[in-house]
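Student: Structure below; questions to follow.
Nothing in this text is a laboratory measurement; each read-out follows from the coordinates by a stated rule. Please read all numbers here as calculations on a predicted model, not as lab measurements. We place every Cβ from the backbone using ideal geometry, glycine too, and count neighbours over all the protein chains shown.
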Amino acid sequence: MQRKLGIIGGSGLYQIDGLENAEWVTVDSPFGTPSDAILRGTLHGLPVCFLPRHGRGHVHSPTTVPYRANIDALKRLGVTDLLSVSACGSFREHMAPGDFVIVDQFIDRTFAREKSFFGTGCVAHVSVAHPTCPHLSATASAAAKATGVTVHDGGTYLAMEGPQFSSMAESHLYRQWGCDVIGMTNMPEAKLAREAELCYASVAMITDYDSWHPDHGAVDITQIIETLGANSDAARRMIIGIAQALAPEKPPCPASCDRALDHAIMTAPDQRDPGLLAKLDAIAGRVL
């Protein structure tokens, strides 16, 4: 299979040196309109598709991001590996603003979002026991470390609904739960990527200490933007390193990310809704 790298992140990430034959393309999805057009090009010989998660100009809140349409559109373009780059707050003293965390676990506290491509007429249950791809995550980690940024391998990401930041009580509670970072966008993105049989990795860029830290006070959006700006160059160089490291031919994923639907669909064939099946042509066409 030909490998194609998808990237979902902030608007600064598509200004990547060396991106060749770059063009913005509009992709129609039966799950709605994606956040924006998708920037398609080639980076060091690897096909790349970039999607601004919130849209150019930051028009979508974390709740209104069309997660299903975004994943479906990338799948339709042939994406096989998906890198998520996002801002986050830290619950750990040693995970400081400016550091990167290679997320490997999630606690999903979102409640106002569509979280599955499947439903009445075609029910499916995929495993998200290990929601990120170890191989793509390791590749991202090595590329990030090569930029000189401090990288933490492994971390639990608390996904909150937002758009408000945490109360101090919530921040202390999430620390007690064992969470390492907090953000608003990786769920249901990671779950949908698994349903779409994509290898998914999450790089969380720490911007603040949420509300718990006695020496840092409440989260300030100005502080977040300043830290993100400082991190954007490292993130772009990380993406270049990932593109250089990934082979153009994609073998079967050792973690079976690309076979997540093998035994997931529960609805009997004669009871499946033809309308829903038609919408699932890109996501689940391999098994339907």
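Student: For the chain, what is the charge dipole size about the Cα centre, in debye to the nearest 20, if Lys and Arg each add +1 at the Cβ and Asp and Glu each add -1 at the Cβ?
Tutor: Here the size comes out at about 580 debye.
Student: Now a separate question. So which trypsin sites (Lys or Arg not before Pro) in the range 52-94 are both in a DSSP loop and have at most 13 other Cβ atoms within 10 Å of their Cβ?
Tutor: ARG56
Student: Then there is this: Of LYS250, LYS4, how do they rank once you tally other Cβ atoms within 10 Å and put the fewest first?
Tutor: Numbers: LYS250 16, LYS4 20.
Lowest to highest Cβ neighbour count: LYS250, LYS4.
Student: Here's something else I'd like to know. Quick one: compute the contact order of the range 48-184, relative version, from alpha carbon pairs under 8 angstrom and 6+ residues apart, as a percent. Can you show the working numbers first?
Tutor: Values: 149 pairs, mean separation 48.2, N = 137.
About 35 percent, as a whole number.
Student: Now for a separate question. Hey, rough spin-label estimate for ASP153 and THR120, points 7 angstrom out along Cα→Cβ, what's it come to in nanometres?
Tutor: 4.7
Student: Could you order the peptides 23-33, 144-154 from most to least packed, using the average number of other C-beta atoms within 10 Å per residue?
Tutor: Ranked by mean Cβ neighbours within 10 Å, highest first: 144-154, 23-33.
Student: What size of dipole, in debye to the nearest 20, comes out for the range 146-200 about its Cα centre when the only charges are +1 on Lys and Arg C-beta atoms and -1 on Asp and Glu C-beta atoms? List each step's numbers first, then the result.
Tutor: Numbers: 3 positive and 7 negative charges, 21 e Å.
Rounded to the nearest 20 debye, it is 100 debye.
Student: Here is a follow-up. Name the long-range amide H neighbours of ALA124: under 5 Å, sequence gap of 5 or more, or other chain; modelled H, no Pro or chain starts.
Tutor: GLY119, MET266
Student: Quick one: dipole size for the range 38-83, taken about the Cα centre, charges +1 on Lys/Arg Cβ and -1 on Asp/Glu Cβ, in debye to the nearest 20. Walk me through the numbers before you get to the answer.
Tutor: Values: 6 positive and 2 negative charges, 22 e Å.
Here the size comes out at about 100 debye.
Student: Under 24 Å Cα-Cα from LYS250, which lysines qualify once same-chain neighbours fewer than 8 residues away are excluded?
Tutor: LYS4, LYS75, LYS145, LYS191
Student: Rounded, prolate or oblate, given the Cα gyration tensor of the range 86-187, with a/c below 1.5 counting as rounded?
Tutor: It comes out oblate by the Cα gyration axes.
Student: What does the charge count around SER137 come to, taking other residues whose C-beta lies under 11 Å from its C-beta (Lys +1, Arg +1, Asp -1, Glu -1)?
Tutor: Counting the neighbours of SER137, the net charge comes to -3.
Student: Also, quick follow-up: When only C-alpha pairs under 8 Å and at least 6 residues apart count, what is the relative contact order of the chain, in percent? Before the final figure, lay out each step's value.
Tutor: Numbers: 604 pairs, mean separation 75.8, N = 288.
Reported as a whole number, the value is 26 percent.
Student: Cα atoms only: what Rg and Dmax, in Å, come out for the range 157-284?
Tutor: 19.7, 61
Student: Also, quick follow-up: Could you give the length gained on full extension between GLU161 and ALA230, defined as 0.36 nm per residue of separation minus the Cα-Cα distance, in nm?
Tutor: That works out to 22.3 nm of additional length.
Student: Another question, if that's okay. In nm, to one decimal, how far is the MET168 label point from the MET1 one, both placed 7 Å along Cα→Cβ?
Tutor: 4.9
Student: Once every DSSP H run of n ≥ 4 in the chain is given -39500 (n - 2.57) and the sum is divided by its residues, what mean residue ellipticity at 222 nm do you get, rounded to the nearest 500 deg cm²/dmol?
Tutor: -7500 deg cm²/dmol
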